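Q: Below: one structure in structure tokens.
Since every read-out is calculated from the coordinates, none of them should be taken as a lab result. Quick caveat, the model's predicted, so the values are computed rather than measured. Cβ placement follows ideal geometry from the backbone for every residue including glycine, while neighbour counts extend to all protein chains displayed.
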Amino acid sequence: MDSHGTPLPPEAPFPTLAEALRTRVADSGERAFLRFEEKSWTFAETYREACRCANLFSRVRDIGRPFHVGLLMDNLPEFVFAEFGCALAGATLVGLNPTRTGAYLARDITYADCQIVVVERRYAEQLQTALQSDPTIQPKIFIDDDRAADAPAAYEWPSLQATLASVPADDPRLPVQPTDLLMIIFTSGTTKAPKGVLNSHGRLMFLGWAAAAHMCGFTAADTVYAAMPLFHANAQILALLPALAAGGCIALARRFSKTGFLADVRRYGATLFNYVGSPLAYIMDTPERPDDADNPLRLAYGNEAPRQYIDAFAKRFGCQVIDGYGASEVGVGFSRAADDPPRSLGRAAGVKIINERGEECPPARLDEAGRLLNPDEAVGEIVNTAGAFMFEGYYKDEESTRQRTRNGWFYTGDMGYQDSDGFIYFAGRDAEWLRVGGENFLAQPIEEILIRHPDVVLASVYGVPDPEAGDQVMAAITLRTDAAFDPQAFAAFLDGEPDLPPRWRPTFVRIATNLAATRTNKVLKRVLRREKFLIDRIADPVYWRPRGTRRFRRFTATDLEALRARFEHAGSLAQLDG
């Protein structure tokens, strides 16, 4: 039983990552495990690099502080070496999100108790700026610096590569238990700052093994193309750990690229591709070629893909697509069968849809096309009434953990509905969340930045639908009396804020005159989300900054018509007009 009284699932064959790595070296040491660009590493070579990291981290650690190592980098081999090194040393890995900047990044480092940080050279200035925002943060820093040996160093931090060269590559053989904390994975929640999901060795190895065995059928002959960020649960649970559990291979892409996808799949001989959110839509936006299906890919698997692209992707690239439900907390597990309704997540014992009054929602009524006919009564929160399943809690946040698991249930914070046959359907995230490019974040931090502008009195930020997948950021702002909106200056202001990552920057700005509000002067965002940028329904002027442009311009009826055509082409017109 876990701490919430929930029966634990059976153990994976490897209860710790350290044991899995040692076993793979023993039975498959000379087979390729990791590929990146033109380089590759066998299991044995990966193990040696991990041992060096383990010995380095153990050598420089402060024994009186949590043994937590932060990584601020893209998908590089060094991320894998450092993660496996943490596993061998009994340390905890903290994946730091490179889209977090300034005080927000500093907060993540402090909150997660990172006493060591390894930073990729391209994020060194970003890290330095974050640390300067809070002089009390003083981690030991190593820079992953691939500069030439005779090139001058831009920072005084020691080079990771140079330091590792002097560290022994023998296994420290430190005792590691399945219950030991392996990784803290940040996720957006219902509070201002992201929470850190606890991931023990046993939890992550079980989830990776289960994904390998039951979701994607990972074998030693498979190679997974991993373009999703390793600091997220998706890449850990659906790519890296299944590859290790199955004795297969993982091919890293530094970042996802829709234009580089097919060439990489062919170059690496990738048979599997894990995703979260919109990658399928972006890939489908590339020019179609007659030989697209001439590739080794057999399966794409993940969650939250735009439904209209699942079958189209499978047909175009000659593979199967399995789309399910994913959340960092993993407080509920769905089982799927081949003949399940195509848009459903499957069934799950004990899962109910609960409304704001704590009551179970009525079953959903669907039309012949699968469209929901009674959303007001059928949509509620997806709740696991059987317990917390694999959820181990949030780091240093007992209150949020209790909220998630109150009454002995697990509250996902995600919205859904259930049909009369018991199939569950995903309906979106909580109202205050936005999801852009597969990233979840909250509105409040953006609002706080927008009101720094000298002409902005009030800012309300919310998500409006993207034609392909997820959200676009929209802000309704109230200007000071007699102030005029300057599109060029406002864009320059947004671009100049160091703690406003690109994905947080509004695509649409509504210059509001009278925002709908409650009696306590809280803006009714549900009204704003319903009105969106539909200038044929609202009187306020709307400005937008299309992707790739540097300034805002007035959003016109012609623009709306063109955008409506994109929604129609993507099969998501109902999201725009709903």
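Q: How do HIS569, HIS232, HIS453 line up, fewest other C-beta atoms within 10 Å first?
A: So the ranking, lowest neighbour count to highest, is HIS569, HIS453, HIS232.
Q: Within a 10 angstrom radius of the beta carbon, how do GLU448, GLU329, GLU356, GLU45 rank from fewest other beta carbons to most?
A: GLU356, GLU448, GLU45, GLU329
Q: Name the residues of the range 58-75 whose amide N is less than 15 Å from a point 7 angstrom out from the Cα of LYS140 along the C-beta direction?
A: Counting backbone N atoms under 15 Å from the label point, the list is 58-71.
Q: Which semi-axis lengths, in whole Å and largest first, follow from the square roots of five times the eigenvalues of the Cα gyration tensor of the chain?
A: They are 38, 29, 25 Å, listed largest first.
Q: Using a 10 Å cut-off around each Cβ, can you sort LEU534, LEU160 from fewest to most neighbouring Cβ atoms?
A: LEU534, LEU160
Q: Among PRO66, ASN55, GLN128, pick out the residue whose Cα is farthest towards the positive end of the charge dipole of the range 17-255, where Lys and Arg carry +1 and Asp and Glu carry -1 on C-beta, about the Cα centre.
A: PRO66
Q: Let me ask another. Hey, how much of the P(r) for the range 443-577 falls beyond 24 Å, as a percent of Cα pairs?
A: I get 26 percent for the Cα pairs in the range 443-577 exceeding 24 Å.
Q: Shifting gears a bit: Can you give me the Kirkwood hydrodynamic radius for the range 351-429, using every pair of distinct Cα atoms, in Å to one decimal?
A: 13.2
Q: Taking 1 over the mean of 1/r across every pair of different Cα atoms in the range 17-255, what Kirkwood radius in Å do you get?
A: In the range 17-255 this quantity evaluates to 18.0 Å.
Q: For every helix of n ≥ 4 consecutive DSSP H residues, a contribution of -39,500 (n - 2.57) applies; sum these over the chain, divide by its total residues, and give [θ] at 222 nm rounded to the nearest 500 deg cm²/dmol.
A: Result for the chain: -8000 deg cm²/dmol, rounded to the nearest 500.
Q: Another one. Where the centre of each part is set by its Cα atoms, how far does the range 63-87 sit from the range 256-299, in angstrom?
A: Their Cα centres are 29 Å away from one another.
Q: Given charges of +1 on the Cβ of Lys and Arg and -1 on the Cβ of Asp and Glu, with all other atoms neutral, how large is the dipole of the chain about its Cα centre, in debye to the nearest 20?
A: The dipole of the chain has a size of about 620 debye.
Q: So what J values fall out for the range 99-108 if you push phi through Karplus, 6.51 cos²θ - 1.76 cosθ + 1.60 with θ = phi - 60°, rounded to Hz, Gly and Pro as x?
A: 7, 8, 9, x, 4, 5, 5, 4, 4, 4
Q: Rg and Dmax of the range 31-120 over Cα atoms: what are they, in angstrom?
A: 13.8, 43
Q: Now for a separate question. Taking the DSSP beta bridges in the chain as the whole, what percent of them are antiparallel, to the nearest 5?
A: 55
Q: Report, in listed order, any pair from LYS140/LYS195; LYS140/LYS258; LYS195/LYS352; LYS258/LYS315 with a Cα-Cα distance greater than 29 Å.
A: Result: LYS140/LYS258 exceed 29 Å.
Q: Here's something else I'd like to know. Starting from 0.36 nm per residue, how many nanometres of slack lie between ASP285 and ASP62 once their C-alpha separation is accounted for?
A: 75.3 nm
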